[in-house]
Amino acid sequence: MKALLAQARAEVAMTLRRGESLLLALGIPVILLVFFSVVDILPTPAGTKRAVDFLAPGILALAVMSTGMVSLGIATAFERQYLVLKRLGSTPLGRPALLAAKTGAVVVVELVQVIALTAVALALGWRAHPSAATAVAAVIVATVAFSGLGLLMAGTLKAELTLAAANGLYLVLLLLGGMVVPLSRLPGGLRALARLLPAAALSDVLRQGLGGPSAYRGAWLVLVAWAVVAPVAAALTFRWE
Amino acid sequence: MPAVVVSGLVVRYDDVVAVDDLSFTAEAGQIVALLGPNGAGKTSTVETLEGYRRPTAGTVRVLGLDPVGDHSSLVPRIGVMLQRGGIYPAMSPAEALDLFAAYYANPADPADLTSLLGLDGVARTPWRRLSGGEQQRLSLALALVGRPEVAFLDEPTAGVDPQGRLAIRRIIASQRDDGVCVLLTTHDLEEAERLADRIVIVDHGKVVAEGSPAELMTSGRSHEIRFGAPAGLDRSSLAAALGASVDEERPGEYRVAAEASPANVAALTAWLALHDLPLADLRAGRQRLEDVFLSLTASVSTAAVERQPRPRRRSSSTGGAGS
């Protein structure tokens, strides 16, 4: 237990020390949230009065994606490259404790993100009517899905390739994720594709959980499916050295 | 029971044989050096003992345990220093030592280790900004922070400056004095000679010689005297004085085919004194470890190089097998 706590604390410290991971965790979400709330140029779906009401849940979804997939994936890939993971393999820490510590660190960073982004959104006039159970469940399931994707890349690709792939995927999922641009504004084929991806599923169920319109049919199914397939694929393919 | 037992170990990667029927043991309170050229199979052997790979054939035991099968009961009792890396690049020595100390039930004091290894000045500097020698010393400290019973050190002084080497040797020797079994790999003869109680010379995955440094250096060859003196001596005059043939192997490096007896040495120095010639060095009976090492490993290595590319290199220098 002492080992696990020390490891989790170190993982959080490492995350908060990386400038690019802070930018991704807080900088970009805050900028997107403030900019598009203040500069009213985004197409918001019918029934949404103010941009921030649409944006806030989407940006929270983005924050979860950035921490689980991008930050965790890139950090783990470099730990693999620097043989940190190999070295830990001959300490008493053990792989389950390492995984638990990484999970703990992701949750801590997500809490920081949720508190900061919610404060900014409320200051911008967001009115939430949250159904806490739905929102929390969505974040947990999505964290599993995105962490699985991050670790899938980290365990199979070189560190530099993981860096590129995670950032590229981040941009694609941001655009197709119903986070900033509503799914309804995407062309039909693209929209159908977007609905099969974990980002759109998360932002839709999160929006519903925070008092927005109902999620598209099958959103939960898509999210849960990714939360099963991605970690299993990561576990099966992960190479520690 | 020896702390480390390697018996008939074979490690094969695809078609590359890195370790080929290797056997040796190491006791508690002993420093054993696996000495050999790059690609001799040293790292493959050590990584099998650390549980990173399974033997293709043969068995290894550390503290009586199987490194793979009994992994979780063994790792609290061993310390590992990888050949490179293994530390979070953004972490400082102080943080890394505190973190690793938390993995173990009864760790050494991280602050003591930091001072002992001369890392006080860089205790708060991220790993990636440390010099190569400082990185090696931190890696050694992390291997020892759990108070291991067996420490595996892969090339512990590679890339370290002379002062750093001294610090590392001092720590390793103190571990031995505390009863730790230290198994280190090196291709540095001086390192093995100065540090090890026993040297296992490995080449192409096999043990080619084994013993204490003194044993290895006195084995055989007491029937010759080697000395250094000005080039171009009158060898026939010297041969007549000694009653034995004299070869000049390299300019200024001579070999006398006579037993290394005090009488013969006296005759040699008397002849030099008579001709007012300086004596650069003299080796009678005891060879330098370098000579032993080269004579044991050179012939095979040269043959291997000449036959390249061979379909089945008995060396791990290809295929990512390490050394």
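List of remarks:
- Reach of residue B:206 by Cα under 14 Å, taken over aspartates and glutamates that are not fewer than 8 positions away in the same chain: B:20, B:21
- Charged-residue dipole, Cβ positions (Lys, Arg, Asp, Glu), segment B:4-218 about Cα centre, Debye nearest 20: 360 debye
- By other beta-carbon atoms within 10 Å, ranking B:187, B:204, A:129 with the fewest at the front produces A:129, B:187, B:204.
- Take each residue in B:64-74, count the other chain C-beta atoms within 10 Å of its C-beta, and the mean is 1.
- ³J(HN,Hα) computed for each position of segment B:129-136 - Karplus, 6.51 cos²θ - 1.76 cosθ + 1.60, integer Hz, glycine/proline x: 9, 7, 6, x, x, 5, 4, 5
- Amide H contacts of residue B:17 (H built 1.01 Å from N, in plane; Pro and chain starts excluded): B:315 sit under 5 Å, all sequence-distant by 5 or more or on other chains.
- DSSP bridge pairs, the protein assembly as shown: antiparallel proportion in percent, nearest 5: 65 percent
- Rounded to the nearest whole Hz, the Karplus-based 3J(HN,Hα) values (6.51 cos²θ - 1.76 cosθ + 1.60, θ = phi - 60°) of segment A:31-45 follow the sequence 4, 4, 4, 5, 4, 7, 7, 7, 8, 8, 10, 7, x, 9, x, with x at glycine and proline.
- When peptides B:167-177, A:46-56 are sorted by average Cβ neighbour count within 10 Å, with the highest value leading, the order is A:46-56, B:167-177.
- Convex hull of Cα atoms in chain B, direction-averaged projection (nm²): 19.7 nm²
- Helical runs (DSSP H, four residues minimum) scored at -39500 (n - 2.57) apiece and divided by the length of chain B put the mean residue ellipticity at 222 nm at -10000 deg cm²/dmol.
- Separation in nanometres of the label points that stand 7 Å from Cα toward Cβ, at residue B:7 and residue B:73: 1.8 nm
- Among A:232, B:80, A:112, sorting on how many other beta-carbon atoms sit within 10 Å of each Cβ, with the fewest leading, yields A:232, A:112, B:80.
- Contact order normalised by residue count of segment A:2-237, Cα under 8 Å, 6+ apart, percent: 28 percent
- Beta bridge orientation in segment B:116-256: antiparallel %, DSSP, nearest 5: 70 percent
- Label-point separation, residue B:248 to residue B:21 (7 Å along Cα→Cβ), nm: 4.5 nm
- Fewest-first ranking of B:1, A:1, using other Cβ atoms within 10 Å as the exposure measure: A:1, B:1
- For the protein assembly as shown, the convex hull drawn through the C-alpha positions has a volume of 194 cubic angstrom per residue.
- Figure legend: label point modelled 7 angstrom from the Cα of residue A:38 along Cα→Cβ; residues of segment A:45-72 with amide N under 16 Å from it are A:51-52.
- For segment A:2-237, lysine pairs separated by 8 or more sequence positions, or belonging to different chains, with Cα-Cα distances below 27 Å total 5.
- The alpha carbon centroids of segment A:63-115 and segment B:1-69 are separated by 32 Å.
- Expressed per residue, the C-alpha convex hull volume of segment B:225-284 stands at 67 Å³.
- Measuring r between the beta carbons of residue B:255 and residue B:161 and using R0 = 41 Å, the FRET efficiency lands at 0.70.
- Sequentially through segment A:171-184, phi angles give Karplus couplings (6.51, -1.76, 1.60; θ = phi - 60°) of 5, 4, 6, 5, 6, 9, x, x, 8, 10, 9, x, 4, 5 Hz, Gly and Pro residues having no value and appearing as x.
- Charge dipole (debye, nearest 20) of the protein assembly as shown; +1 at Cβ of Lys and Arg, -1 at Cβ of Asp and Glu: 2580 debye
- Distance from segment B:261-282 to segment A:124-171 (C-alpha centre basis), Å: 80 Å
Only the coordinates and a few stated rules stand behind these numbers; no lab work does. Keep in mind that what you see is a predicted model, and the values were worked out from it rather than measured. Quick reminder, even Gly has a Cβ in these numbers, built from the backbone with ideal geometry, and neighbours come from all protein chains shown.
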